[in-house]
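Notes to accompany the following structure.
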Amino acid sequence: MSNWWRISRLSEPNPEKRLMPTRYPIPGVVAFYVTYTTAAEWLESITCPEDASPHRLTDLEGCTITRVEHYRQRCSVARELIVLHMRSERQDTRFIRLERFKMPREPREDELNGPNHDSVKIVDSIWRAIGNDFHLVQAFAVQQKLDIIDAAGLAFAITHLAQDYSLLHHMSMWWAATYFATARHISNDPVCIRGSGFKNRGKIYTFRLIEDDCRLIQPNGQTIDSMTIRIRKSMQDSKMDPTLVENLIASLDSDIKQEDFRQSPISRAKRAADTASAETRLILKGLVENSVRKRDAAELARRENEELRARTAMVRRENEELRTRATMAEEAAGKAARESVVPKVCYDEAEVARRENEELRAPAEEAAGKAARESVVPRYAMTKLR
């Protein structure tokens, strides 16, 4: 029984390759399989010329975001991420997981030394998006229309703003908080629902790093050194690995010293997102217009081909009628010729009769000529008689 169980587990298909229910596929958004990409690649895939069609822009604008959720991992030093609920005009639903973090270059490398990385994962269920490792921080239902172009443009914009950040956990916390706050601002600040993870948002252990306005926190005008001491004490009290503590403190020091991190990024993120969305729509509009021109040209060529085929068929029918008439005329002429010909036997009998007549006429003519000669009086004799 145990061996059978192992074999059955090994033979199970990869759940990431399981076919997702899809009524109407939309490249870059609604696919049959799980989609993994980055924010920049996602935005690029939306404007891919190969996927352009006359209704591309309409399809994308019909993919609306109905709900935005902010999640936090169930641990002390946690990653935070965003999940978007999306529905297309054809009622295809997708869940889009967005996050930014650091990724080790090698399997055993410290994450703090790896490159910054952002991730976009598009699936068909909330369980496939986050599983059981995260709990809800906050969420809101979108009131003003927010389509997939706006969502992708916002992810790209915030990723661009965050390109110089270095701290692993601060990065994911800041990115998720900024995306949630900016999306809510774009949607005219609807009512926010708080989840069980709200009290721990933006925290490393017991110390909060991220303000509600998405700035690095520096309460009561405290200096960077005093802030660093508090963070180190919080981590050490939680029995965190000393080496990791020092790496985190070093990364945080370099982040805090940058002036941009002391200002609220929401307004900058919104402006950058508006620019990215406007440029994306402009590109899509050009692709759609080009696709429409190609479609119209193809339709015109198709109609011309149909007319040419119709004329060709008409000429073919006329030629067939002419050939039929010519064949009928030839048959009629042949029949008439056959009916007007004298049989060969008649020709032979007439020839025999002609020859016999000639044979009989020749002696008769000769005899008549002789008689005529004998009955003629010579001219000199006639002279004497006078």
Using heavy-atom solvent-accessible surface (probe 1.4 Å) with all chains present, what is the largest-first order of Met86, Met314?
Met314, Met86
Here the Cα Rg-to-2.2 N^0.38 Å ratio for region 285-338 is 2.31
Name the residues of region 60-86 whose amide N is less than 19 Å from a point 7 angstrom out from the Cα of Asn290 along the C-beta direction?
60
Mind ranking 185-197, 29-41 by how tightly packed they are, going by the mean number of other C-beta atoms within 10 angstrom, highest first?
29-41, 185-197
Going through Lys203/Lys270; Lys199/Lys233; Lys121/Lys145; Lys203/Lys285 one by one, the pairs whose alpha carbons sit over 31 Å apart turn out to be Lys203/Lys285
Subtract the Cα-Cα distance of Ala367 and Val352 from 0.36 nm times their separation in residues, and report this length gain in nm to one decimal.
3.1 nm
Once phi for every residue in region 307-321 is put through the Karplus expression 6.51 cos²θ - 1.76 cosθ + 1.60 (θ = phi - 60°), the whole-Hz ³J(HN,Hα) values, with Gly and Pro written as x, are 5, 4, 5, 5, 5, 4, 5, 5, 4, 4, 5, 4, 4, 5, 5
Added length on full extension, which subtracts the Cα-Cα distance from 0.36 nm per residue, Lys335 to Phe32:
101.7 nm
For a quick protection proxy, order the peptides 291-301, 87-97, 351-361 by their average other-Cβ count within 10 Å, most packed first.
87-97, 291-301, 351-361
Accessible heavy-atom area order of Val120, Val315, highest first, probe of 1.4 Å:
Val315, Val120
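The values are calculated or read from the model by the stated rules, or taken from the named source; none is laboratory data. Keep in mind it's a predicted model, so treat the numbers as computed, not measured. Every residue, glycine as well, gets a Cβ built from its backbone with ideal geometry; the counts of neighbours run over all protein chains shown. Surface areas here come from the heavy atoms of the whole protein model, side chains and all, with no ligands, DNA or RNA. Shrake-Rupley method; radii C 1.70, N 1.55, O 1.52, S 1.80 Å.
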